[in-house]
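The values are calculated or read from the model by the stated rules, or taken from the named source; none is laboratory data. Here the structure is a predicted model, which is why all the values come from computation and not from measurement. Virtual Cβ from ideal backbone geometry, glycine too; neighbours counted across all protein chains shown.
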Amino acid sequence: MTGALDGLREHQRASGLAERLKIALMVLGPENQPLTPQQPGSLDHFHTQGLVPTADLAQLAEVSADMSVLDVG
């Protein structure tokens, strides 16, 4: 488990995320145009490793297929 935790800690140290998000938002449309609810959905896993950290956390929490999980992060 220590290896997984070290990997998650390293992921959180990633830099440049704010700038990458700004660029991605510019691609979605002009700054003065409101976003549709669907547009930010494309940024749902917009971080260094995509879906990998979510899967790692689910494994650490021993989440099974028959469970429901609320992701508030």
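Quick one: count up the residues across the range 54-73 that are of a type in the set (D, E, K, R) and part of a helix (DSSP H, G or I). Spell out how you get there, then give the answer.
The first filter runs over the range 54-73 and keeps only residues of a type in the set (D, E, K, R), leaving 56, 62, 66, 71.
From the residues that got through so far, the ones that are part of a helix (DSSP H, G or I) too are 56.
Residues that pass the stated criteria total 1.
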Notebook entry, point to check: Among the residues of the range 53-72, is there at least one that is out of contact with any His (no Cβ under 9 Å at 6 or more places or on another chain) and modelled with pLDDT under 75?
Noted result: yes
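Taking the stated definitions as given, is L43 closer than 28 Å to A61 by Cβ, at pLDDT below 70 and surrounded by 11 or more Cβ atoms within 10 Å (Cβ to Cβ)? Steps first, please.
On the way: closer than 28 Å to A61 by Cβ: yes; at pLDDT below 70: yes; surrounded by 11 or more Cβ atoms within 10 Å (Cβ to Cβ): yes.
In short, yes.
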Check: For the range 11-23, which residues satisfy the criterion of being at pLDDT 75 or above and more than 22 Å from A55 (Cβ to Cβ)?
Finding: A18, E19, K22, I23
